[in-house]
Amino acid sequence: MTTPTIELKPSSHPLSDAEREAILANPGFGRHFTDHMVTIRWTEGRGWYDAQLVPYAPLSIDPANMTLHYAQTIFEGLKAYRQPDGSVATFRPAANAQRFQASARRLAMPELPVETFIAAVDALVTQDKAWVPSEGEQSLYLRPFMFATEVGLGVKPANEYLFMVIASPAGAYFPGGVRPVSIWLSEDRVRAVPGGMGDAKTGGNYAASLLAQAEAAAKGCDQVAYLDAVEHKWVEELGGMNLYFVYGNKIITPELTGSLLAGITRDSLLSVARDLGYESEEGRISIDQWKRDTENGTLTEVFACGTAAVITPVGTVKSAQGEWTQSSGRPGDVTMRLRKALLDIQTGRAADPHGWMHPLG
Ligand SMILES: *Cc1c(COP(=O)(O)O)cnc(C)c1O
């Protein structure tokens, strides 16, 4: 099966420069979308076809669309950053493309070729380049996704799908300066189980997390940390961000067991930390160890990481076992050093020793 070329059908009525600038002055997150989107179809027997860049517009969905009932849908998230010379580059798009293939395999969906994924993202960013903000930590957030388009209520892998890419300008995650998040440690609700789909980026995992998230909010916490589903003991992730534990000069992140998502920020930080002279490793952290080592002072900082916020310090942790606070509730030094190092690579203020940046022509 060949890779389709993307036919460009740009909008005849994009937003004016003034309207776009007004949005970019305060973009928030996921509230505004650019002028265009990319769509590619897949049908059994035919493969990928009908690749187009078209004006951003609503879709018309049949009420018996299989995704609405059985949730066969996956997504990705990556960012395009304005570089000091005014050009634009995306961060590790091939890693997102490969993870999208892994998610597709888990949900019995067709795998989009890596080069088609990258071509689709490139086409949208190139067309809507004026939407890439240039202020500080702002970026253009890219959301590739795919869902079943077959109509019918029989339960089976669908025989047709739609792949799309949309883009949304993203403001600085912490406009008022980096602020630690508070965490609710959920000891009863889980987001993923062994053999389940916790390592796939799919809406179902998010649906599973919403009730615990609402409970966390009711307890005054920003985020939920999930434990493993069998022993309810091993720390997994936040449900949208991975976790790192800082022991002095060493940073440790929970190993990939199959029930947590292999974050690209998580993976990048294993290398960035080594570049800065820290030790970095994957391991297991129990909830008891988290509490004990905070109290005995060996666990000096904890932070969460993901594409949207890059790095977020963890402040207060609440659980049924009590409450404790990391690094006196202030962003830790290691956390902030890693955050700056990664953002400097992404925004082109530092060299890119790992070849992570993908410049757009
Ligand atoms: C996307 C995601 C992350 C973070 O992954 P990044 O590639 O770093 O953005 C972490 N956990 C879950 C469940 C996710 O969906």
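All of the numbers you see were taken from the coordinates with simple rules; none came from a lab. On a predicted model such as this, the values are computed, not experimentally measured, just so you know. Virtual Cβ from ideal backbone geometry, glycine too; neighbours counted across all protein chains shown.
Using 1/(1 + (r/R0)^6) with R0 = 56 angstrom and r between the beta carbons of Asp333 and Ser87, what's the FRET efficiency to the nearest 0.05?
0.95
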**OP:** Between Asp275 and Arg349, with labels modelled 7 Å along Cα→Cβ, what's the label distance in nm to one decimal, could you check?
**Re:** 1.4
Subject >> FRET efficiency estimate (nearest 0.05) - Cβ-Cβ, Ala130 to Glu323, R0 56 angstrom >> reply: 0.75
**OP:** May I ask for the distance between the Cα centers of the range 184-256 and the range 35-95, given as a whole number of Å?
**Re:** 27
Original post:
In what order do Trp324, Trp48 fall by count of nearby beta-carbon atoms within 10 Å, going from fewest to most?
Top reply: Trp324, Trp48
Original post:
Say the dipole of the range 7-170 comes from +1 at the beta carbon of Lys and Arg and -1 at that of Asp and Glu; which of Ser60, Ser87, Pro10 then lies farthest toward its positive end?
Top reply: Ser60
Subject >> Within the range 293-326, backbone nitrogen closer than 20 Å to the virtual label 7 Å beyond the Cα of Asn249 toward Cβ >> reply: 297-302
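Relative contact order of the range 200-343: what whole-number percent is it, with Cα pairs under 8 angstrom and at least 6 residues apart?
Numbers: 216 pairs, mean separation 28.7, N = 144.
Normalised by residue count, the contact order of the range 200-343 is 20 percent.
Counting other beta carbons within 10 Å of each Cβ, put Asp293, Asp188, Asp122 in order, fewest first.
Numbers: Asp293 17, Asp188 9, Asp122 21.
The most exposed by this proxy come first: Asp188, Asp293, Asp122.
Scan the chain and note any complete DSSP helix (H) whose C-alpha atoms cover at least 18 Å along its axis and whose Kyte-Doolittle average is 0.5 or more.
Values: long enough: 93-106 (20 Å, -1.04); 114-127 (20 Å, 1.23); 203-218 (23 Å, 0.42); 333-346 (20 Å, -0.02).
Passing helices, by number: 114-127.
In deg cm²/dmol, rounded to 500, what helix-only [θ] at 222 nm does the chain give when every DSSP H run of at least 4 residues adds -39500 (n - 2.57) and the total is split over its residues?
Details: 8 runs with 92 residues, N = 361.
When only DSSP H runs of four or more count, the value is -8000 deg cm²/dmol.
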Subject >> Value of relative contact order over the chain, rounded to a whole percent, pairs C-alpha under 8 Å and six or more apart >> reply: 17
Original post:
Using a Gaussian network for the chain with springs between C-alpha atoms less than 10 Å apart, which of these wobbles most: Ala212, Ala18, Ala108?
Top reply: Ala18
Original post:
How far, in nm, would the chain grow between Lys233 and Leu8 when pulled straight, counting 0.36 nm per residue and subtracting the alpha carbon separation?
Top reply: 75.9 nm
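At a 10 Å Cβ-Cβ cut-off, how would you order Leu185, Leu360, Leu338, fewest neighbours first? Numbers along the way, then the final one.
Working: Leu185 20, Leu360 16, Leu338 27.
So the residues, fewest neighbours to most, are Leu360, Leu185, Leu338.
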Original post:
Of the residues Arg46, Arg284, Arg143, which exhibits the maximal mean-square fluctuation in a Gaussian network model of the chain defined by a 10 Å Cα contact cut-off?
Top reply: Arg46
Original post:
Considering the chain as a Gaussian network with a 10 Å cut-off on Cα pairs, which listed residue, Gln138, Gln83, Gln346, attains the greatest mean-square fluctuation?
Top reply: Gln83
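Could you tell me the relative contact order of the range 124-280? Use alpha-carbon pairs under 8 Å, at least six residues apart, and round to a whole percent. Show your work: numbers first, answer last.
On the way: 219 pairs, mean separation 26.8, N = 157.
Relative contact order here is 17 percent.
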Subject >> Distance in nm between pseudo-label sites at Ala25 and Glu160 (7 Å out along the Cβ direction from Cα) >> reply: 4.5
